[in-house]
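Right, one structure below, let's go through it.
The values are calculated or read from the model by the stated rules, or taken from the named source; none is laboratory data. Note that the structure is a prediction, hence the values are computed from the model and not measured. Note: ideal-geometry Cβ built from the backbone for every residue, glycine included; neighbour counts use all protein chains shown. Areas reflect the complete protein model, heavy atoms only, side chains present, ligands, DNA and RNA absent. Shrake-Rupley method; radii C 1.70, N 1.55, O 1.52, S 1.80 Å.
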Amino acid sequence: MTEPRIARLSNRHRDVLRGVAALRKTKQIAADLGIAPGTVDGYIAEAVRILGAVDRGDAARMFAKHECVDDRPIGDPGHSGGQSPWVSASASPVTELRQPVIDPEVSRDAGTVRPATFSRLLPIRRAGQRSNDLPVVARLLWIPAIAVILAIGFGMLASGLTVLAELIERLGRLSG
């Protein structure tokens, strides 16, 4: 029953659930993955909903059981220090879930990388990234492109200043 549900998890859902199964806190998982803690919570909430789990601990146990990470259950006291309060079952089921958080680089259905879009080719770091992940060729192509953009910008600035200077000169002649 859980196999089709587990197949619906994106790579990011899986990474977050591995962090929960490793008894890591939300902030630690966020730091490891280079995303905001709120985004981690969103992925956990989505995973709980997708898997039909009661809480984050239940979702992590279901996923760990699927991955066969360890023969012992996560709650087993011999498992890396025992049960963490972050993974323990809550008293009430999750009643409110956030809207789905879509990772722009991962397809929802198969967890495959989407084709590059223009925004992914910009030479800037996006939210949730530790560094710029552009390929070397793209970086080398951006160097002359940025030089041309700067030259055009300075040319427009110089033209604007020339027009402004002429306008001030003409206004000076009219008033004087």
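Here is a yes/no grid of residues against (1) more than 26 Å from Arg125 (Cβ to Cβ); (2) of a type outside the set (Asp, Glu):
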position: Asn11; (1), (2): no, yes
position: Asp15; (1), (2): no, no
position: Arg18; (1), (2): no, yes
position: Arg24; (1), (2): no, yes
position: Ile29; (1), (2): no, yes
position: Asp32; (1), (2): no, no
position: Ile35; (1), (2): no, yes
position: Glu46; (1), (2): no, no
position: Glu67; (1), (2): yes, no
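Does Ala145 satisfy the condition of being on the phi < 0 side of the Ramachandran plot, at pLDDT 95 or above and either hydrophobic (A, V, I, L, M, F, W, C) or touching a helix residue (DSSP H, G or I) at 6+ places or on another chain (Cβ under 7 Å) (or both)?
Spelling it out, it is not the case that Ala145 is on the phi < 0 side of the Ramachandran plot, at pLDDT 95 or above and either hydrophobic (A, V, I, L, M, F, W, C) or touching a helix residue (DSSP H, G or I) at 6+ places or on another chain (Cβ under 7 Å) (or both).
Somewhere in region 57-72, is a residue acidic (Asp, Glu), open to solvent by 60 Å² or more (accessible area, probe 1.4 Å) and modelled with pLDDT of 50 or more? Yes, some residue in region 57-72 is acidic (Asp, Glu), open to solvent by 60 Å² or more (accessible area, probe 1.4 Å) and modelled with pLDDT of 50 or more. Taking (1) buried (at least 17 other Cβ atoms within 10 Å of the Cβ); (2) touching a Gly at 6+ places or on another chain (Cβ under 7 Å); (3) part of a helix (DSSP H, G or I) in turn, Ile35 satisfies each apart from (3).
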